[in-house]
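Here the structure comes first, spelled out in structure tokens, and everything after it is commentary.
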Amino acid sequence: MKPNPSLQTENVAEYVLYIFQIEAMIRSLSFDLNQIDTQLITPSFTDSIQRQEQLDWYGQIIDEMQQRQLLKEGHLEIVDEILVELVYLHNTLLTVLNDEKYKGLCEQAHEALQAFKLKSNMAHRHDVEVLFHAMFMKLQLKMKQQVINPETEAAMDLFRIQLAYLSQQYKRMRSGELNFIQN
């Protein structure tokens, strides 16, 4: 279902992961708006106006994914834009702002993140994007009720904590509270 617009600024990590789920669901339903309507929208919405709003939203996403050739992988433009902002923020926190807490979180997660990059064939991707893919993988495993070994769970906790802090700082940045020039 279409997310609450405030989610994007209130918890950007949750928003991005939600859009990852939407993209994956659309792919799993072969970009078929009729299946999305039958399986997701109609059972959830009795009001015809709300149902049409949902159909329009999913239709727009399907159109963008098809136009951008995101049939098997890749993300919507809004996700790509957010990831660019988060990479910028990540780099700014580490260098310009010299945020010791964030540096510590990155150091704690570094080894596990590098291992995940190698195992997931994501060595060429930025750490921020890899954090999201790791958390999305965990979400998928949980939904399939698969067991996650303790070592992986510990790594995922480090990733979650780093993403939570980055999301918190993103909210501050978007609200104007985090000003790079004055810091």
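The values are calculated or read from the model by the stated rules, or taken from the named source; none is laboratory data. Because the structure is a prediction, the values reported are computed rather than measured. Cβ placement follows ideal geometry from the backbone for every residue including glycine, while neighbour counts extend to all protein chains displayed. Quick note on the areas: whole protein, heavy atoms, side chains included, nothing else; ligands and nucleic acids left out. Shrake-Rupley method; radii C 1.70, N 1.55, O 1.52, S 1.80 Å.
Given the options Ser48, Ser44, name the one that is out of contact with any Gly (no Cβ under 6 Å at 6 or more places or on another chain), hydroxyl-bearing (Ser, Thr, Tyr) and closer than 20 Å to Met143 by Cα.
Every option except Ser44 fails the conditions.
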- Quickly run through the stretch 78-100 and pick out the residues that are charged (D, E, K, R) and either touching a residue at least 40 places away in the same chain (Cβ under 8 Å) or open to solvent by less than 30 Å² (accessible area, probe 1.4 Å) (or both). Glu85, Asp99
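Listed here are the residues, each with its yes/no results for (1) modelled with pLDDT of 95 or more; (2) of a type outside the set (D, E, K, R); (3) surrounded by fewer than 16 Cβ atoms within 10 Å (Cβ to Cβ).
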{"residue": "Leu76", "(1), (2), (3)": "yes, yes, no"}
{"residue": "Tyr102", "(1), (2), (3)": "yes, yes, no"}
{"residue": "His124", "(1), (2), (3)": "no, yes, yes"}
{"residue": "Lys142", "(1), (2), (3)": "no, no, yes"}
{"residue": "Thr152", "(1), (2), (3)": "no, yes, no"}
{"residue": "Phe159", "(1), (2), (3)": "yes, yes, no"}
{"residue": "Gln169", "(1), (2), (3)": "yes, yes, no"}
- Query: Pairs, please: C-beta under 6 Å, at least 6 apart or cross-chain, first residue assigned to a helix (DSSP H, G or I) and in the stretch 141-152, second β-branched (Val, Ile, Thr) and open to solvent by less than 100 Å² (accessible area, probe 1.4 Å)?
  - Reply: Leu141/Ile148
- Query: Does the stretch 42-49 include one or more residues that are open to solvent by less than 60 Å² (accessible area, probe 1.4 Å) and in a helix (DSSP H, G or I)?
  - Reply: no
